[in-house]
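Colleague: Can you read through this structure? Questions will come right after.
The values are calculated or read from the model by the stated rules, or taken from the named source; none is laboratory data. Worth saying up front: this structure is predicted, and the values here are computed from it rather than measured. Don't worry about glycine lacking a Cβ; one is built from the backbone with ideal geometry, like all the others, and counts go over all protein chains shown.
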Amino acid sequence: MYDAALLDLYGTLVNIRTDESDPALWRALAAIYAERGAVWTAAELQTAYRLEVRRLEAESAATCPEIGIDRVFFALYRQKGVAADDETVAKTAWRFRQLSTKHIRLYAGAPELLAALQKRGRVILLSNAQRLFTVPELKMLDLWDRFDAVFLSSDYGCKKPDPAFFRVPLDAFGLDPKRCLMIGNDPFADAAGARAVGMDALCIRSATSPREAERTAYDLHHMDLRRVRRMLCGR
């Protein structure tokens, strides 16, 4: 039916739970910064991080702004007079992600769904995500080579449901939105955003779906990627 399937990542293909409020995370991160000459207490670092995120988001002109998290980690070094390079920031960001992640695994049936969809058209990842976090996780979960293209919101300064982000893959491949399907777990960001640009959408309720969304907002009321594969590919 479709020339391309666009898929969300977290909460759709990947079951993930993170906790960025964990005091142990900020103590460990403060130690990492101190090793490189940027001395913060854990509480100071946590506050400075949140303030920098808010500042950068406030500067954006996007309807649904998305910042590059690397800018935050750079700023936290700079505020202590340390000139960090790209490699240092990438390592710091990845350690932050590792420390804040409590659980991560593929949902059952994810690889089989992607393989079946690839036989029928393009398979594109369209995710509200940070490149410094998500590329290592895609490789770790053996997903990196399973897409024809990967579009991450941190690269474009905007995120779903902003129509501008949905148009990025459409424009990149010259796709007709009427012949594209968005598969996600968020009825607002994924489903409503896709439909706003003329795409069909399949919305699956999962553990990380918005709590405020009514059950009737979902095409599937529980996570079942094997059923999704049968619905879309017949097997």
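Colleague: Go over the candidates 97, 55, 50 one by one and state the one that is surrounded by 14 or more Cβ atoms within 10 Å (Cβ to Cβ) and among the charged types (D, E, K, R). Walk me through how you get there before you give the answer.
Modeller: Details: 55 fails: surrounded by 14 or more Cβ atoms within 10 Å (Cβ to Cβ); 50 fails: surrounded by 14 or more Cβ atoms within 10 Å (Cβ to Cβ).
Going through 97, 55, 50 in turn, just one is surrounded by 14 or more Cβ atoms within 10 Å (Cβ to Cβ) and among the charged types (D, E, K, R): 97.
Colleague: Residue 184 fails exactly one of the following numbered conditions: (1) over 22 Å from residue 110 (Cα atoms); (2) touching a strand residue (DSSP E or B) at 6+ places or on another chain (Cβ under 8 Å). What is the number of that condition?
Modeller: So residue 184 meets the others, but not (1).
Colleague: Report whether or not residue 207 is in the same structural domain as residue 147 (by TED's automatic domain parsing), surrounded by fewer than 16 Cβ atoms within 10 Å (Cβ to Cβ), among the aliphatic types (A, V, I, L, M) and farther than 23 Å from residue 108 by Cβ.
Modeller: On the way: in the same structural domain as residue 147 (by TED's automatic domain parsing): yes; surrounded by fewer than 16 Cβ atoms within 10 Å (Cβ to Cβ): yes; among the aliphatic types (A, V, I, L, M): yes; farther than 23 Å from residue 108 by Cβ: no.
Considered against the rule, which asks whether it is in the same structural domain as residue 147 (by TED's automatic domain parsing), surrounded by fewer than 16 Cβ atoms within 10 Å (Cβ to Cβ), among the aliphatic types (A, V, I, L, M) and farther than 23 Å from residue 108 by Cβ, residue 207 comes out as no.
Colleague: For residue 193, which of the numbered conditions (1) of a type outside the set (Ser, Thr, Tyr); (2) within 18 Å of the chain's Cα centre (by Cα); (3) loosely packed, with under 14 Cβ neighbours inside 10 Å; (4) more than 22 Å from residue 110 (Cα to Cα) fails to hold?
Modeller: Only one criterion is unmet by residue 193, namely (3).
Colleague: Further question on the same structure: Condition first: under 23 Å from residue 165 (Cβ atoms) and aliphatic (A, V, I, L, M). Can you find one or more residues in segment 98-109 that meet it?
Modeller: Looking through segment 98-109, none of the residues is under 23 Å from residue 165 (Cβ atoms) and aliphatic (A, V, I, L, M).
Colleague: Can you tell me which residue is surrounded by the fewest Cβ atoms within 10 Å (Cβ to Cβ) among those in segment 121-160 that are among the acidic types (Asp, Glu) and in contact (Cβ under 8 Å) with a residue 12 or more places away in the chain?
Modeller: The selected residue is 142.
Colleague: In this structure, is residue 110 touching a helix residue (DSSP H, G or I) at 6+ places or on another chain (Cβ under 6 Å), surrounded by 15 or more Cβ atoms within 10 Å (Cβ to Cβ) and hydrophobic (A, V, I, L, M, F, W, C)?
Modeller: yes
Colleague: Still on this structure, please answer the following. Does segment 28-40 contain any residue that is at negative phi, without any contact (Cβ under 8 Å) to a residue 24 or more places away in the chain and surrounded by 14 or more Cβ atoms within 10 Å (Cβ to Cβ)? Spell out the reasoning first.
Modeller: First, pick out the residues of segment 28-40 that are at negative phi: 28-36, 38-40.
Restricting the remaining residues to those that are without any contact (Cβ under 8 Å) to a residue 24 or more places away in the chain gives 30-31, 34-35.
Cutting the leftovers down to surrounded by 14 or more Cβ atoms within 10 Å (Cβ to Cβ) gives us 30, 34.
Yes, segment 28-40 has at least one match.
Colleague: Additional query: Take residues that are modelled with pLDDT of 95 or more and over 25 Å from the mean Cα position of the chain (by Cα) and tell me which of the helices (runs of 4 or more DSSP H) falling wholly in segment 21-88 contain 3 or more. Let's see the steps before the verdict.
Modeller: On the way: elements: 23-35, 42-59, 69-78.
Here the list reads 23-35, 42-59.
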